[in-house]
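Before any comments, here is the structure.
The values are calculated or read from the model by the stated rules, or taken from the named source; none is laboratory data. Given the structure is predicted, the values throughout are model-derived calculations rather than measurements. With ideal geometry, Cβ positions are generated from the backbone for all residues, glycine too; neighbour counts draw on all protein chains shown. SASA here: full protein model, heavy atoms, side chains in, ligands and nucleic acids out. Shrake-Rupley method; radii C 1.70, N 1.55, O 1.52, S 1.80 Å.
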Amino acid sequence: MGVVILLVMAAGVAAMLTRKLPTAFALVLLAVVIAFVAGAPLTGKNSVIDTVLQEGAPALAATMIAIVLGSWLGKLLEETGVAATLVRKIVEFGGDRPVVVALGVLAVSALVGTVTGSAPAAMLAGLIGIPAMIAVGIPKVTAAGTILMGIAVGIPFELPLWQFFSTALELPVETVRGFMVKLFPFALVAAVLYVFVESRRRGVEHTWSLKSVQDKPRSPNRRQRLGDAPWYALLTPAVPLILALGFELAIIPSLLAGVLYALVTTTRPREMNKRLLRTLYGGFEVAAPPIALFIAIGILLAAVKLPGAVEALEPLVKAVSPQNAVLFVGVFTLLGPLCLYRGPLNVFGLGAGIAGVLISTGIYPAAVVLGMATSYNQVFGVADPTSTQTVWAAQYAGVSPQQVMVRTLPYVWAVALGGLCVTAATYL
């Protein structure tokens, strides 16, 4: 039975890789098939309908709420001009010094990455940041990669991500936060090295890649007509992080505080109601795809935790899971690229199911699986040519996602190695 479940998982990976099915749909179908193969009844206790579908779908509800709030805050950063102002100030400070400009954009990308992930974060920092870097001579691939590496620096402090790992792996937020703090230095060092090495290795290229800007000048939008956001509003991305990390406030209240701070510092009282509703609805549009994915992940986690699935998979998974710390680091570092192209170690795909199997079968403690998943997420979030942020940044810079993957993969792979070393040293 265990072999059959593994074959079903392999078929699910194939369906996602070949784009025969959207990831969320493939995960739900995979969960239902696994449940039936594991001998689950249609209804009742540990069943397909009542356990996998009914209980699994809302299992990550706290994460979904955090995603909505993060997307709402991201919309406020966009509409009020906070993110654009941060980038413009950095570019003005950097002048014609390419590396300084790139490091500044990297810092803004990291700040934005703590608020919201994926394509919205890339757009908030990249709409102005990528053209500015290219204009001062940063190569196109390096410019796109700088945005992504910056977001990866912010990922360890992305509060919705804390909530996801806490809920999915059934760990206290404090445990997730503690590991993320340890992962952050690796992401930061790799990102700074990327800017220095890639910008200087390729040399200065004074080109302009954005055809849309060349072909027709854009008329000033509302934010540009209003001017820069107030200096005190620029602290908005740091507010939730300070509350959650410094004062250990819960994640959802921290995000709500960031929303209120952004609103109060940028909006006249008579306009607050309209802006609140407008940005909230816009945040729901941004949050819809990840919410659908988290519903599917919850269903898949419920399926792999069924008693029949655990009993069938335990001997197989245990046989191929190294317990020695050195072997653990070596094996799982080599497997790192399997999180690319929606592969089996992608935590926002089948990787979530594998994580559930490792925990439910008792192969590894949940903290070890946390270290593995967050380390791989650093690779996926930057180098995966199918992730929305990578596709957007590459296309906006005028290069292919595969070019960005080739340039960034060595750096984020090293981050994953660092994360796995910390995991082995701390939890094994």
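The table for this structure:
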| quantity | calculated |
| --- | --- |
| Potential extension, Thr426-Arg19 segment - 0.36 nm per residue separation minus Cα distance | 142.7 nm |
| Accessible solvent surface per residue of the stretch 6-62, calculated while the other protein chains remain in place, 1.4 angstrom probe, Å² | 52 |
| Stokes-Einstein D for the stretch 119-182, Kirkwood Rh over Cα pairs, 4 °C, 1.567 mPa s (µm²/s) | 98 |
| Alpha carbon centroid spacing (whole Å) that separates the stretch 311-370 from the stretch 139-167 | 22 |
| In the chain, lysine pairs with alpha-carbon atoms under 22 angstrom apart (chain gap of 8 or more, or interchain) | 7 |
| Nearest-ten-degree value, helix 23-37 long axis tilted from longest Cα axis of the chain | 10 |
| Relative contact order (percent, whole number), the chain, Cα cutoff 8 Å, 6+ residue spacing | 25 |
| Helix 98-115 axis, angle to the chain major axis (alpha carbon atoms, nearest 10°) | 50 |
| For the stretch 50-103, size of Cβ-based charge dipole, Lys and Arg +1, Asp and Glu -1, in debye | 320 |
| Net dipole in debye of the chain [+1 Lys, Arg Cβ; -1 Asp, Glu Cβ; about Cα centre; nearest 20] | 1160 |
| Cα-only radius of gyration and Dmax that characterise the stretch 283-428, units Å | 16.2, 50 |
| Principal-axis tilt of helix 140-154 within the chain, Cα atoms, nearest 10 degrees | 60 |
| All-pairs Cα distance distribution in the stretch 12-53, expressed in whole percent, bin size 10 Å | 33, 41, 24, 3 |
| Lys/Arg +1, Asp/Glu -1 at C-beta; the chain dipole; positive extreme among Ile151, Ala250, Thr265 | Thr265 |
| Rounded to the nearest 20 debye, dipole of the stretch 1-113 from Cβ charges on Lys, Arg, Asp, Glu | 180 |
| Label-point separation, Val406 to Tyr281 (7 Å along Cα→Cβ), nm | 4.5 |
| Long-range HN-HN contacts of Ile138 with modeled amide H, under 5 Å | Glu205 |
| Distance between modelled label sites at Phe36 and Tyr232, nm, 7 Å Cα→Cβ extension | 6.1 |
| The chain - convex hull of alpha carbons, volume per residue in Å³ | 134 |
| Per residue, in Å², the accessible surface of the stretch 361-407 once ligands and nucleic acids are set aside, probe 1.4 Å | 24 |
| Probe 1.4 Å, accessible area per residue of the stretch 243-286, Å² | 61 |
| Carbon plus sulfur fraction of accessible area for the stretch 277-428, probe 1.4 Å, in percent | 71 |
| Whole-number D in µm²/s for the stretch 6-134 (Stokes-Einstein; Kirkwood sum over Cα pairs; 4 °C, 1.567 mPa s) | 72 |
